[in-house]
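Input: a single structure, listed below in structure tokens.
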């Protein structure tokens, strides 16, 4: 048992620094996305993925990527680096969909015979 406690003391106490705090914050942000998704799904009474899920994924992923770079952990660097592109792409797709939706809504407001709202 003393080997386990010595190991835990080393991991959590002796090597503690500001980067450990950054890592915990990053992991907290990344984990919060699941709580947001769970609450949104419960409210909708079906499985949904809100925009906040992707935003928290991106922010948490970037923070974890920075942490992994500082720790020089190749597994973490590759894993989080790949995820960042996926989260950013999903947010880009959502923004494009909203833009198209708004353009469609604006087109419906154009008076008959006009080609734009400024006519």
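The values are calculated or read from the model by the stated rules, or taken from the named source; none is laboratory data. Fair warning: this is a prediction, and the values are worked out from it, not measured in the lab. Cβ atoms come from the backbone with ideal geometry, glycine included; neighbour counts cover every protein chain shown.
Residues in the stretch 89-109 that are modelled with pLDDT under 95 and under 11 Å from the mean Cα position of the chain (by Cα): none.
So that you can scan it fast, the table gives a plain yes or no per residue for (1) out of contact with any helix residue (DSSP H, G or I) (no Cβ under 7 Å at 6 or more places or on another chain); (2) modelled with pLDDT of 95 or more; (3) surrounded by 14 or more Cβ atoms within 10 Å (Cβ to Cβ); (4) assigned to a helix (DSSP H, G or I):
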{"residue": "38", "(1), (2), (3), (4)": "yes, yes, no, yes"}
{"residue": "47", "(1), (2), (3), (4)": "no, yes, no, no"}
{"residue": "52", "(1), (2), (3), (4)": "no, yes, yes, yes"}
{"residue": "57", "(1), (2), (3), (4)": "no, yes, yes, yes"}
{"residue": "63", "(1), (2), (3), (4)": "no, yes, yes, yes"}
{"residue": "66", "(1), (2), (3), (4)": "yes, yes, yes, yes"}
{"residue": "69", "(1), (2), (3), (4)": "no, yes, no, yes"}
{"residue": "77", "(1), (2), (3), (4)": "no, yes, yes, yes"}
{"residue": "87", "(1), (2), (3), (4)": "no, yes, yes, yes"}
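Looking across 43, 33, one residue alone is within 28 Å of residue 91 (Cα to Cα) and surrounded by fewer than 12 Cβ atoms within 10 Å (Cβ to Cβ). It is 43.
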